[in-house]
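This structure is in structure tokens; I'll ask about it shortly.
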């Protein structure tokens, strides 16, 4: 029997916030979750769904109203696991009078790092997040993207086993966002566990091994990305643009279902043969074919489906 | 110890970049320096004014710096979210609280030192003429104890302001920073009058049993800030006794320990 090591385990983790005059507001409702070591786990959900609350509970910044959790095998409230985790908060802020090397030296020294080891780690990380050439800028002069880059570097200073990233690519340009995604994938390849929170579904889909979707404080679905996105078995999907209404009506007669999503025509067929026939028809009638393949939903579709049901 | 030192160091550097604190310091040094304007007074009155204005300014502006700095140290970390990247590192809440306090204390002490130096410069320039006073000009000052007494007064200010700072930091953990500032000012000014409360609580002054109980309780609970003020001894040219300094510093240390313990109890439960 294979024993799966868990990086995070939560059981009925619940948080109500006091909002004054004896009233409370729900932040998180009965979250039960297992995150295996060495995987990228994505927690997605609309604003206010409980993503940041989950992170703060796991990091001991706030305290649960009910339930329990373990991080790296240690219960909440034990500070020993802090030496093995890294955290990038959403929209990170730092002491404004420091520059990037001074910040990393300060954070590194909290882990007992020092001397040449800390200097080389600092250099390595600033290179990684493309901040070495801008290392002498003070935080007060940073753009949002620069703060984000240094935020990633400080989260990695102790070479943690478990990383918590809250909206890791927020504020970054497309190239910067791609670089951070590559960093995350490299971390997973090195056996690290990455717990990501984001509302950028298109970004999360190719990045995560497992995903949980939160809505109104509740975990509405979770699972392996491939399983979550899998469509109807044996069915094939055709996606195209520039499909006329006349052609759409003709294809609808042969398809199991058709729909338009953001101007893209989508049709689902019961067999591979009928899907490829439809694809040929579309191209011959001037349509622009985007994709033909086994039925697979996007994370956005799954998200809208499950969150829509909840709300 | 390392986390406390790191948090304290960052706090100290951040604090020196606060314009309002620098403004208070510059204003205080100007007031101390302006003791020159009292040269038209007779030398005896001039010495009294110099001591009153100089040491009074150090205590008053030091108190303003301690309270306004203290009540913002932790709330600002929470508002700016810099606390997230610290408390999620191997830094306990007790270490964070102590780091913020010691960083603030280093700032207050360096401010008091600067004010003290300004006062000493003015005092050293003016002092020689007080030695040559005639009986008509005022009481004869031997000036034997003056420099040491002034140093002791400034030394006591450090401890007084450490306690004020501790109260302000801890109050900001419990209340909003504005309420914490009001609370700290209240404790400080009531503490300045603690002797008066003790006096009124004495049965021979005719207060009723309830009033005596309330006044007596206030007298016993509140820090006796007026005991940190030794200007009277300086003006009467008697040495400030080390026994007095020891008692006052001991009282301050006990209060500060209790205040910081209470602060830890609140901060360990505080959500950020």
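Taking every alpha carbon pair in chain B, what does the distance histogram look like in 5 angstrom bins from 0, in percent?
1, 6, 12, 15, 16, 14, 12, 10, 7, 5, 2, 1, 0, 0
At a Förster radius of 45 Å, what calculated FRET efficiency corresponds to the Cβ-Cβ distance of residue A:11 and residue B:243, to the nearest 0.05?
Numbers: r = 61 Å, r/R0 = 1.35.
Efficiency at R0 = 45 Å is approximately 0.15.
While we're looking at this one, here's another question. Under a point spin-label approximation (7 Å from Cα along Cα-to-Cβ), what is the residue A:202-residue A:252 distance to one decimal in nm?
Roughly 2.7 nm, to one decimal.
Kirkwood Rh over alpha-carbon pairs of the stretch A:236-295, then Stokes-Einstein at 37 °C and 0.692 mPa s: what D in µm² s⁻¹, rounded to an integer?
Working: Rh = 10.9 Å.
Translational diffusion coefficient: 302 µm²/s.
How compact is chain A by the rule of thumb for globular proteins, expressed as Cα Rg over 2.2 N^0.38 Å?
Values: Rg = 23.0 Å, N = 311, 2.2 N^0.38 = 19.5 Å.
Dividing the Cα Rg of chain A by 2.2 N^0.38 Å gives 1.18.
A further question on this structure: Within 10 Å of each residue's Cβ, count the other Cβ atoms and sort B:101, B:175 from fewest upward.
Details: B:101 27, B:175 17.
By the 10 Å Cβ count, ascending: B:175, B:101.
Moving to a separate point now. Take every Cα pair under 8 Å in the stretch B:2-269 that's 6+ residues apart, average their separations, divide by the length, and report that relative contact order as a whole percent. Can you show the working numbers first?
On the way: 323 pairs, mean separation 66.9, N = 268.
Relative CO of the stretch B:2-269 lands at 25 percent.
How big is the protein assembly as shown on each of its three principal axes, counting only the C-alpha atoms and giving the largest first in Å?
Sorted from largest, the Cα extents of the protein assembly as shown read 120, 59, 51 Å.
Follow-up question, since we're still on this one. Could you work out how much longer the chain between residue B:258 and residue B:19 gets when fully extended? Use 0.36 nm per residue separation minus the Cα distance between them, nm to one decimal. Mind showing how you got there, number by number?
On the way: separation 239, 0.36 × 239 = 86.04 nm, distance 3.15 nm.
Roughly 82.9 nm would be gained on extension.
Cα centroids of the stretch A:247-294 and the stretch B:200-236: how far apart, whole angstrom?
91 Å
Treating the angle as unsigned and between 0 and 90°, give the value, to the nearest 10°, between the Cα long axis of helix A:115-128 and the longest Cα principal axis of chain A.
20 degrees
Quick one: helix B:146-174 against the long Cα principal axis of chain B, what's the angle to the nearest 10°, folded into 0 to 90?
Value to nearest ten degrees: 30.
Okay, moving on. Top mean-square fluctuation among B:223, B:128, B:203, Gaussian network model of chain B, C-alpha springs under 10 Å?
B:203
In 10 Å bins starting at zero, report the fraction of Cα pairs in the stretch A:17-136 per bin as a rounded %.
Binned Cα distances yield the sequence 10, 32, 31, 21, 6, 0.
Considering the Cα positions of the stretch B:163-272, please state its Rg to one decimal place and its Dmax as a whole number of Å.
Expressed in Å, the Cα Rg and Dmax of the stretch B:163-272 come to 16.5, 53.
Who wins for biggest fluctuation among A:300, A:179, A:233 in a Gaussian network model of chain A, springs between alpha carbons below 10 Å?
Ranking A:300, A:179, A:233 by mean-square fluctuation puts A:233 first.
Alpha carbons only, please: Rg and Dmax for the stretch B:164-211, in angstrom.
14.6, 41
Still on this model: In the Gaussian network model of chain B, springs joining C-alpha atoms below 10 Å, which of B:187, B:214, B:26 carries the largest mean-square fluctuation?
Among B:187, B:214, B:26, the largest mean-square fluctuation in the Gaussian network model of chain B belongs to B:214.
Which of the peptides A:22-34, B:158-170 is most tightly packed, and how do the rest follow, going by the mean number of other Cβ atoms within 10 Å of each residue? Each step should come with its number before you reach the end.
Values: A:22-34: 16.3, B:158-170: 25.8.
Ranking the peptides A:22-34, B:158-170 by packing returns B:158-170, A:22-34.
Still on this structure, please answer the following. From the P(r) of the stretch A:111-224, could you give the percentage of C-alpha pairs in the tail past 17 Å?
On the way: 3802 of 6441 pairs.
Cα-Cα pairs in the stretch A:111-224 separated by more than 17 Å: 59 percent.
Ok, one more. Using the Kirkwood radius over C-alpha pairs as Rh, can you work out the diffusion coefficient of the stretch A:197-240 via Stokes-Einstein at 4 °C, viscosity 1.567 mPa s, in µm² per second?
Values: Rh = 12.1 Å.
Result for D is 107 µm²/s.
Where does the stretch B:47-123 land on Rg/Rh, using Cα atoms and the Kirkwood Rh?
Working: Rg = 16.7 Å, Rh = 14.3 Å.
Rg/Rh: 1.17.
The numbers here are math on the coordinates, done by the rules we state, and not lab data. Predicted model only: the values in this text are computed from it and were never measured. Note: ideal-geometry Cβ built from the backbone for every residue, glycine included; neighbour counts use all protein chains shown.
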